[in-house]
Each structure stands twice: as structure tokens, then as C-alpha cells.
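Participant: Structure provided below as C-alpha cells; questions to follow.
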Amino acid sequence: MTNRLKLLVGGVQLRDGVGTVVDVVGRILTRAGLYVLANERNYASTIYGAHQFDPLVISATPPLSHGDNLVDILMALEFDANPDVPRQPNRDTILRHGPHLRDGGVLLYDSSTGEVPVDDLVARGVKVFPLPARQIALRELRREVVKNMVVTGALFRLLEFDMDQAYLRQLLEERFLRKGRELVDLNLEAARRGREVIEQVLAAQGWRDVGYRLEPVPTNGERRLLVSGSEALGMGAIQAGCRFYAGYPITPASPLLAFMERWLPRYQGRSLQGQNERESIRAALGASLAGVRAMVASSGPGISLKVEEFGLAGAGEIPLVVVNAQRAGPSTGMPTKTEQADLRMMIGAGHGDFPRIVLAPSTLEECYTMIQEAFYLADKYQCPVFVLTDLTLAEVRKTVPEAFFLEHRMPPHREGVLTEAELRRDGYRRYAITESGISPRIFPGTRGGIFKVSGTEHDEFGFVTTEPPKRAAMMDKRMRKLETYLQEDARGPQVVGTPRGNPVLVGWGSTKPVLLEARERLRADGLDVAVVHLTHLWPFPTHLVRPVLADAAAIIVCEQNWSGQLADLLQERCLLPTRRILKYNGRVFYVSDIIRGVREILRNGATEFRVSEFVPVTVEAHEGD
Amino acid sequence: MSTKPAARTPISKVWEENAVPRHRIQWCPGCGDYAVLNAVKMALTRLELMPHEVLLIGGIGCSGQIRNYLNGNALHGTHGGPLAYAVGVTMANPELRVIALAGDGDTFAIGVENFVHACRRDPNVALIVMDNGVYGLTTGQRSPTGGLGQPQEEFSEESPPAFNPLRLALAAGATFVAQSFSGDPRHSADVYVEAIEHPGFAFVNDFSPCVTYNKFNTYDWFKQHVELVPPDHDPADLQAAFRLLDDFEARGRLPLGVIYRRPRRKKPQQRLPMWDHELADVDLEPMLRTFR
Ligand SMILES: Cc1ncc(C[n+]2csc(CCOP(=O)(O)OP(=O)(O)O)c2C)c(N)n1
Ligand code: SF4
């Protein structure tokens, strides 16, 4: 197999089993040595009835990004009639994504309630496969749930993959054997029936194949995993020694809460679902004060509620890792849609000045490594460390070699904690004025030493003071941590290509893969562009960023927000003019968005390009919060 | 700051070391919080606790300053936060004695969310509220417990009837509910000892008059209205606790003493790992396996 293909599975949320199909297909293909990238999971915050879709890029080599919104194979799992759409039965998937189906692509749909007129697609060379999956499951197999397996079997036939059902059988046995052999057989039978129907359609149409074919790729014993961004974060945190987590349910931070609830107890840690955002972060601060590495995660509205405690972590010098899985704002915004609009908030949230560090991983792998770095930095600098992800990063599922997780481990390492002997010798001042800005810590219970931790301004011992010289010295001490950080731990941007003399695409967060692929395509068209991606955003490493960008032909900042938050920050810090490509309709950037933007800016002299796209909407879901 | 070896210092004095000296205490002369401070010292001395074994969590207000007037590890966080920090501290290290010392505004207004849920969660924390009916530090605005004992035939949204923290605590599932009064610090100390020893969340509402801003609930006023819980009251009986509150209320009296006390069965927990050596060699295998 040489080509890469993009499969989109769509249906009614919580009814059609979109998630199950994608999970089964994704896992099996990963086991077969193929790379799967699901970067754009789309669901709604209505629990039932909304349109859900999940595009998967499948490739024999690791795909650079999710590419465009063009789809090769569309699977529409809806089956019944929708009175809201008089001319079409419930075909939301076909209507929404049909226009993005590649000419000559494949449509597989559930035809249980009759066949659908798709003349426009057929006219574009799309091969159409009606499959009465629900009917087969219900009437022949007497179990509606196995309709997902009918569909999966059909898909595998289209791809000429797993014809002997070996992969499927193994997965089903792992899942269901403890519930009985019959269940495994029933599912296999469902898959077989799906395959049969496809055979019939192929034969009736006189098609030899559909133009897509997947073959297992030998991995030479390399183990591969299908992991989500939230899971990578959670695993990284546990690896880094995080033993206390507190959350409050909010999309898209909830999967991390679920992960920690499941795993922390098995590593002698504890996870708390707070009664609200404030209880969560306060409990985490308490645990951190007690000496345990602690983390909280939330999204926009929840982060807003935690802000007062950020100041306490800063002034009281209590280490804490805070993950903000951004979603579209403002206010409750679009809970299940992606955006990168909290950068300004994270570098500024809280009253007064206090030291903080803001990191933004740009890939699933960096979610794993950077959260470890975050714990190290929080401990070293005794301040809040913010890790900014977004819905795309939280939800991304991706095939990653298992070795990656084993090789990139940063052992927990604690500096600056005084021992009892040191305390006896030197005494203890919690907020001792030091050159680095970092004062020694002790944990409560240490014989021979006590601390007074306070968010109110204090002297070196932690006692309240408003004496001007003491205040100024304490403020200076705290803020000196940022100097130390910039010298010792800040990282410059990741640079791909030659920024000098060329247009540069600048980004942060989950958009990196798209920028890299856009660069490839532009270069293939003869336009040399570089990509400069920032991960360490605050304190802003001007000394590392400015030299990289100073001689660029054009600085084009690509980000998913309305104002261009990084662009503004760059201008402010580096005193360099920026142009912008901005998208804020809730969808991820596609490579084509970036290319259109670059053309618009370089050819037509636009200073900014705002991406919009036509998305036909048939059934508008009424979503919650 | 280091505590000298206990052998050379009488334990009662230990609690005055490393603390703001008495002449620099910022409370108004006559403030009820002085008596709370003395009673806390008495209780800690009687329990033979050493400062390093204790974590004091102060609220935001005049009352919260108490954390600096006592030896011992202390946290001074945000307004309304003490009990939530305490939950995290005790979850992380159940061996610490955690005492939260806060005002009525801090606990029953901005912090009521944390108060209600601490009652349910039952962390091993003693909470002493210095209840003066006003926001002292912000110069005397009315707090939720303001208007205690004042006749109120009509009310408005702006000034609702006084809030009864004991009833809320009982209703929310607290396992230790008591009341004390700054005019009688010896009795307070007895109650605190019980509260600190209670295995779970112990709430003591201490009437601690604000001599500057609350001209109604004065020491004299309290002296005329408080009354000890009768010796035959069974604190293990929740219904009896509610009846006692009804009875005192009907008579226009305020009960002092332990109103309810019944330990709950709690899963034992260990101190969470925190040192490098405790965290070394994280075995990722069980997690990795689930992604294959
Ligand atoms: C979020 C927040 N809001 C308001 C304040 C201002 N403030 C400081 S102390 C206080 C009330 C203190 O009253 P109380 O808890 O009854 O304690 P007291 O001073 O009476 O002992 C308030 C509102 C604050 N520090 N933080
Ligand atoms: S204002 Fe009231 S509560 Fe505050 S110190 Fe003075 S008397 Fe005490």
C-alpha cells in the first residue's frame, strides 16, 4: 500500500457507535503496523442525537498531519428517517461531509430504511455501497449492537484487509471472551455478513476493487500504541511523580480526570473530583504544600474560576502544575470545539505580578515529555506552571511506538528541600532572599523546622509585612526566578527550514503538524517557507526568538483565535511586524487553509487572512455547555 | 526558624516561639480572638503536640492572623479557602494535625461551598471559626451570622435573617459540631481538645466578639445568652442534636459545648509518596498495556 487514506465515520452521537467503530478500526490497523492519526474528533455536548464524526488518517508511514478536510471513504452510520429534513432521511453525515468526499471516493452507508439518492456523488465518480447494517443486526442476528461489526466487516472488505478475520477475532476475544465464546462468534458473524453485502455490490456493479487497499506492515517486533493526548498527559504526569490530581468535570479536560481516577490509586496516589473549580485547585495546593507533586486541569470557564489561586501559588511559592485544555470561548463558548484563545489569559491571569511559566506542547509526544518538564520546573521554581493544550491535542489519538514512552522518562528530581541536619545548622526562613530568587523548601512534619506560607505580602519568615523595603525586596526576589529560568531552562522555538530571507509560518500548540505539511506543499510548489514553533511561551524567551525571526521575509503567525494572541505577543516582545492567518470557527486548521492564507498574504499583500468555510448544516443540534 | 529541642523548653512556651511577639499582635485590645489564641495554645499544650506536627490554616480576616501568633507550620491562602486546602493536605499526609482557623465571613459567606463539602468529606481537620457577626478586617460589614439575637419581624434580600452554622453543619453531615465562647477560654480549650482529637472533620463555632464593630453581640450580651449544653445530652444522637438546637432557640439561648459527635468509618490512607526514592522506577507497563 502506498497511498494514504482518510476515512470519516459519522453518525448520531451515542446511538450509532461512531466511537466504537473508530476504536476497533484504529486499534486493529495499529496492530497491523499501520499509522493512525485521528486528530479531529468531533462530538457535541448534547448527549444524544447530535451529529458526531471522527476522521482517521491511515498511512503506512507516520502521517505529517491530518491534512485537509477531503475524505476518501465516508461511512454514514445513521439509519432512520429524520422528519426535520423532508427530502432526505437522516443523512447528516452524507450531507455534511459528502461535499468533501474526494471524486472517485467511497461512500458506505446504512440503508436499513431504504436507499438514498446520491446522484451528485455518483456523478463525481463516488462508489456507493448501501449496507442495511442495522437490519442485518436486528433481523438476522437479533442483536442491534452488532451493527457496528457489520459495518466494520464491510469496511475491511472494501480495504481488502483482514479477510481471514484474524485481527478482528483476536481483538474480540480480548474484549468478550470472558463473557462467552458465543459473543465473539456473533460479532465475527456480523462482520462476515457485512463483507458479504459488499461482495454483492461489487459484483453487481462490476467493480474489481474500490481503489483503496490496506496491507499489514511488518514492524520488526516494534510495539505500537494508539494513545490520546489526554492519556499521554496523564501518563507523563504519573511518570513525573504527580501523585495528587484534582479536577472538576469540563470538556475537554474530563478525560484527564478519568485517567487519573483510574491510574493514580495504582501508583499510591489519589485523585479528587472537587465540588467546584476552586475546591479542586485549593486541594491541589494543599497537597503540594504537604510535599506531593500535584496537578489540576480544566478548560476556559474553570480556569477563570481558579485564577485567584494562581496568585497564591505565585506569592506563596507553592509549586503547582495547571493544565488548560483550551476550548472555544468566551464564556461557555463552544465546549466541544477547538480554539487557542487563552494564551493572553495564561500569561496574565491574576492580579499583581508574580512568576509563572507557560508551556504549550505541540504534539501528543510533547504532551508526554512537557508535562514531565512542567513538574520539574514547578518544583524548581516553586511557582505555578501552566501547560496549555487544546481540544485537538486532548482528543487526538495517534499511533506511537511504545519505546517512545519508555525512552522519554524524566525521573522526578527534587532540589532545594532542606534536611533536618541543615535546618539545625542554619535555621529556616521560608522566603530567604536569594540571588536566584529560589528559597529553600521544607515539608511540614520536618522536625526542627516550621514554615509560614502566605499569599499576603510577607517578610523572609513569612510574616505579614507592608514595609516598603521588605516588600520591594520580596517582590524582586520572586520575580528574579524568571531571570534564572530564562538563563537555565527556557527553550527557543523549534525551527524547520531557513527563516532568514524566507516567509516564516509561526505557530504554537496543536497546529504544528499542519504548518509542517503546509510547508512541504508550498515547497513542492516552489515557495520556500520555514516553520517556527513556540512551546515555551512565558516568560517570553525574547533572546531566543528574536534572532530567529529578525531576518525573515515575512512573519505569518497562524493561530486559532480571533485576535492573533501570539502575533500580538511577538510584536510586543520582539518588535517585529507580523501578519496573521486566523481561524476560529471551531474546526481545526486544514493544510489548505494555511496555503490559501499564505497566498493571500504574499501575493495580494493581505495583512491577515481569516479562514471561513462552507459547512452545509441540515440538522442543527442544540448543544449544551 | 527552628524549634529548640523540646527538653529545654516547656511545651506551653513552645507555641510562642517563632511567632509574632505578643506586643505586635494586631488585634484591637479586647478582641475575642485573644481568648481563642490562648485556648488554642492550651489545647495544643494539653495534647502535647509539637509545632512541626501541626499545620495551621488561617482564613482571611482579623481572625486568620492567628496563624502568625502561634508557632507551627502555617498557610495563609485565599478568602474562603482554608477547608479546601485542608482537604488536600490531609489527603496528602494524614499524619499531620491540621487546624483551620477562620472567620465567620470567610467560612459561611465566600467559603460556604468548602464548608458544606468539608462536612461531607470529613477530612481529619479541626475548624475553629471565630464568629463575630461582622467582617472585622474590612471594617465591620455584616457577615452571614450578623444580626444574631436581634428581633427581626421583617427582612429584605439585603439583610436576611442570621445564618445558623450549627444547623447547616449537622444537615451537611458533619461528625463533630460544637460551640464555645471567648468569655470562657478554659471551656473553649476543652472543646478544642476534643475537636482536634476527633478523627474527622470537627467544627467549633466560637463566639469571639468584635469589640470595635459589633456593638450588639458584646461579651455582656453573650454572657446573658449562652448556656452550657446539659450534661444529659447525648452527642451521638443526631435527632437529639437538632432537638437541642430547637430547644435553645425557643428559649433565646445559645448552647455551648459539644452538640454532636460521632466518628464515621473512614478508609485508612497512607501518606502519599513525595520523595525521589519513593517515586523512582515508575512501572509504565500496566498503563502501556491498555493501549496496545
Ligand atoms: C476574594 C476576596 N474578597 C474579599 C476580600 C476582602 N476581605 C478581607 S477579610 C474579609 C472578611 C473577613 O471577615 P471574617 O471572615 O468574618 O473575619 P474577621 O475579620 O471578622 O475575623 C473580606 C471580605 C478578600 N480578601 N478576598
Ligand atoms: S476589628 Fe474586631 S475582629 Fe478585628 S481585631 Fe478588632 S475587635 Fe477583633
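The values are calculated or read from the model by the stated rules, or taken from the named source; none is laboratory data. Computed from a predicted model, the values in this text were never measured in an experiment. Cβ atoms come from the backbone with ideal geometry, glycine included; neighbour counts cover every protein chain shown. For the accessible areas, the whole protein counts, side chains as well, though only heavy atoms, and no ligand, DNA or RNA atoms are used. Shrake-Rupley method; radii C 1.70, N 1.55, O 1.52, S 1.80 Å.
Participant: Specify which of the listed residues (B:286, B:235, B:209, B:273) is within 14 Å of chain A (Cβ to nearest Cβ) and surrounded by 17 or more Cβ atoms within 10 Å (Cβ to Cβ).
Facilitator: From the options B:286, B:235, B:209, B:273, the qualifying one is B:273.
Participant: Right, here's the next one. Of the residues B:37, B:44, only one is among the aliphatic types (A, V, I, L, M), assigned to a helix (DSSP H, G or I) and within 16 Å of ligand 2 (Cβ to nearest atom); which? Please lay out each step first, then the result.
Facilitator: On the way: B:44 fails: within 16 Å of ligand 2 (Cβ to nearest atom).
Only one candidate passes the filter, namely B:37.
Participant: Checking the structure you have, find out if any residue of the range B:147-155 is away from chain A (no Cβ under 14 Å) and buried (at least 19 other Cβ atoms within 10 Å of the Cβ).
Facilitator: Step one: filter the range B:147-155 for residues away from chain A (no Cβ under 14 Å), giving B:147-155.
Adding the requirement that they be buried (at least 19 other Cβ atoms within 10 Å of the Cβ) leaves B:147-148.
Checked against the condition, which is being away from chain A (no Cβ under 14 Å) and buried (at least 19 other Cβ atoms within 10 Å of the Cβ), the range B:147-155 yields at least one hit.
Participant: Here are the criteria: (1) more than 7 Å from every other protein chain (Cβ to nearest Cβ); (2) of a type outside the set (Ser, Thr, Tyr); (3) within 15 Å of ligand 1 (Cβ to nearest atom). Tell me which single one residue B:84 does not satisfy.
Facilitator: (1)
Participant: If I filter the range B:164-181 for residues that are at positive phi, open to solvent by 10 Å² or more (accessible area, probe 1.4 Å) and away from ligand 1 (no atom under 16 Å from the Cβ), do I get at least one hit? Before the answer, list the steps.
Facilitator: Of the range B:164-181, the ones at positive phi are B:173.
Of the ones still in play, those that are also open to solvent by 10 Å² or more (accessible area, probe 1.4 Å) are B:173.
Of the ones still in play, those that are also away from ligand 1 (no atom under 16 Å from the Cβ) are B:173.
There is at least one residue in the range B:164-181 that is at positive phi, open to solvent by 10 Å² or more (accessible area, probe 1.4 Å) and away from ligand 1 (no atom under 16 Å from the Cβ).
Participant: Here are the criteria: (1) open to solvent by 20 Å² or more (accessible area, probe 1.4 Å); (2) more than 26 Å from the chain's Cα centre (by Cα); (3) more than 10 Å from chain B (Cβ to nearest Cβ). Tell me which single one residue A:308 does not satisfy.
Facilitator: Condition (3) is where residue A:308 drops out.
Participant: Would you mind telling me which numbered condition in (1) surrounded by fewer than 16 Cβ atoms within 10 Å (Cβ to Cβ); (2) under 33 Å from the mean Cα position of the chain (by Cα) residue A:161 fails?
Facilitator: (1)
Participant: In the range B:248-269, which residue that is open to solvent by 90 Å² or more (accessible area, probe 1.4 Å), modelled with pLDDT of 95 or more and assigned to a loop (DSSP other than H, G, I, E, B) is farthest from the other protein chains (Cβ to nearest Cβ)?
Facilitator: B:251
Participant: While we're looking at this one, here's another question. So in the range B:1-34, with the set limited to residues that are under 24 Å from residue B:181 (Cβ atoms) and in a helix (DSSP H, G or I), which one is modelled with the lowest pLDDT?
Facilitator: B:12
Participant: Further question on the same structure: Check A:514, A:495, A:506 and return the single one that is more than 14 Å from chain B (Cβ to nearest Cβ), in a helix (DSSP H, G or I), in contact (Cβ under 8 Å) with a residue 24 or more places away in the chain and β-branched (Val, Ile, Thr). Show your work before the answer.
Facilitator: On the way: A:495 fails: in a helix (DSSP H, G or I); A:506 fails: in a helix (DSSP H, G or I).
Answer to the check: A:514.
Participant: Just one of the numbered conditions (1) under 20 Å from the mean Cα position of the chain (by Cα); (2) open to solvent by 10 Å² or more (accessible area, probe 1.4 Å) is not true of residue A:289; which one?
Facilitator: (1)
Participant: To continue, here is another question. If a residue has to be out of contact with any Leu (no Cβ under 8 Å at 6 or more places or on another chain), facing chain A (nearest Cβ under 7 Å) and not in a helix (DSSP H, G or I) to count, how many in the range B:65-80 make the cut?
Facilitator: Our first condition is that a residue be out of contact with any Leu (no Cβ under 8 Å at 6 or more places or on another chain); within the range B:65-80, this holds for B:65, B:68, B:71, B:76, B:79-80.
From what's left, facing chain A (nearest Cβ under 7 Å): B:68, B:71, B:76.
In the following step, the residues that additionally are not in a helix (DSSP H, G or I) were identified as B:71, B:76.
Looking only at that region, the number is 2.
Participant: Determine which member of the set A:598, A:557 is open to solvent by less than 10 Å² (accessible area, probe 1.4 Å) and either hydroxyl-bearing (Ser, Thr, Tyr) or touching a residue at least 60 places away in the same chain (Cβ under 8 Å) (or both).
Facilitator: Details: A:557 fails: either hydroxyl-bearing (Ser, Thr, Tyr) or touching a residue at least 60 places away in the same chain (Cβ under 8 Å) (or both).
Result of the check over A:598, A:557: A:598.
Participant: Oh, and also: Could you grab me the full set of residues in the range A:470-487 that are within 22 Å of residue A:458 (Cα to Cα) and among the aliphatic types (A, V, I, L, M)?
Facilitator: A:472, A:473, A:474, A:475, A:479, A:482
Participant: Let me ask something else about it. I'm told residue B:243 meets every condition in (1) loosely packed, with under 14 Cβ neighbours inside 10 Å; (2) within 14 Å of another protein chain (Cβ to nearest Cβ); (3) more than 27 Å from residue B:89 (Cα to Cα) except one. Can you identify the failing condition by its number?
Facilitator: (2)
Participant: All but one of (1) in a loop (DSSP other than H, G, I, E, B); (2) open to solvent by 40 Å² or more (accessible area, probe 1.4 Å); (3) closer than 17 Å to residue A:235 by Cα hold for residue A:412; state the number of the condition that does not hold.
Facilitator: (2)
Participant: Kindly check whether there is at least one residue in the range B:136-145 that is in contact with a strand residue (DSSP E or B) (Cβ under 8 Å, 6 or more places away or on another chain) and more than 16 Å from ligand 1 (Cβ to nearest atom).
Facilitator: Checked the range B:136-145: no residue is in contact with a strand residue (DSSP E or B) (Cβ under 8 Å, 6 or more places away or on another chain) and more than 16 Å from ligand 1 (Cβ to nearest atom).
Participant: Within the range B:95-105, is there a residue that is open to solvent by 10 Å² or more (accessible area, probe 1.4 Å), facing chain A (nearest Cβ under 8 Å) and either within 16 Å of ligand 1 (Cβ to nearest atom) or not in a loop (DSSP other than H, G, I, E, B) (or both)? Show your work before the answer.
Facilitator: Of all residues in the range B:95-105, those open to solvent by 10 Å² or more (accessible area, probe 1.4 Å) come to B:95, B:97.
Applying the additional criterion that residues be facing chain A (nearest Cβ under 8 Å) yields B:95.
Retained after the next criterion (residues that are either within 16 Å of ligand 1 (Cβ to nearest atom) or not in a loop (DSSP other than H, G, I, E, B) (or both)): none.
Within the range B:95-105, not a single residue is open to solvent by 10 Å² or more (accessible area, probe 1.4 Å), facing chain A (nearest Cβ under 8 Å) and either within 16 Å of ligand 1 (Cβ to nearest atom) or not in a loop (DSSP other than H, G, I, E, B) (or both).
Participant: From B:46, B:120, B:24, which residue is more than 16 Å from ligand 1 (Cβ to nearest atom) and within 23 Å of residue A:462 (Cα to Cα)?
Facilitator: The unique qualifying residue is B:24.
Participant: Further question on the same structure: So which of A:461, A:443 is part of a loop (DSSP other than H, G, I, E, B), open to solvent by 10 Å² or more (accessible area, probe 1.4 Å), at the interface with chain B (Cβ under 8 Å from one of its Cβ atoms) and of a type in the set (Phe, Trp, Tyr)?
Facilitator: A:461
Participant: Of all the residues that make up the range A:417-438, how many are surrounded by 20 or more Cβ atoms within 10 Å (Cβ to Cβ), more than 11 Å from chain B (Cβ to nearest Cβ) and either out of contact with any Gly (no Cβ under 7 Å at 6 or more places or on another chain) or more than 21 Å from residue A:355 (Cα to Cα) (or both)?
Facilitator: Summing the residues that are surrounded by 20 or more Cβ atoms within 10 Å (Cβ to Cβ), more than 11 Å from chain B (Cβ to nearest Cβ) and either out of contact with any Gly (no Cβ under 7 Å at 6 or more places or on another chain) or more than 21 Å from residue A:355 (Cα to Cα) (or both) in the range A:417-438 gives 1.
Participant: Can you tell me which condition residue A:488 does not meet? The list is (1) in contact (Cβ under 8 Å) with a residue 24 or more places away in the chain; (2) under 18 Å from residue A:358 (Cβ atoms), and all the others hold.
Facilitator: For residue A:488, the exception is condition (1).
Participant: Okay, moving on. Would you point out which residue out of A:210, A:197 is aliphatic (A, V, I, L, M), touching a residue at least 24 places away in the same chain (Cβ under 8 Å) and not in a helix (DSSP H, G or I)? So that I can check it myself, show each step before the final result.
Facilitator: Values: A:197 fails: not in a helix (DSSP H, G or I).
Selected residue: A:210, the only one of A:210, A:197 that is aliphatic (A, V, I, L, M), touching a residue at least 24 places away in the same chain (Cβ under 8 Å) and not in a helix (DSSP H, G or I).
Participant: In the range A:586-600, what residues are more than 17 Å from the chain's Cα centre (by Cα) and not hydroxyl-bearing (Ser, Thr, Tyr)? Steps first, please.
Facilitator: Let us first name the residues in the range A:586-600 that are more than 17 Å from the chain's Cα centre (by Cα), namely A:591-600.
Passing the criteria: A:591, A:593, A:594, A:595, A:596, A:597, A:598, A:599, A:600.
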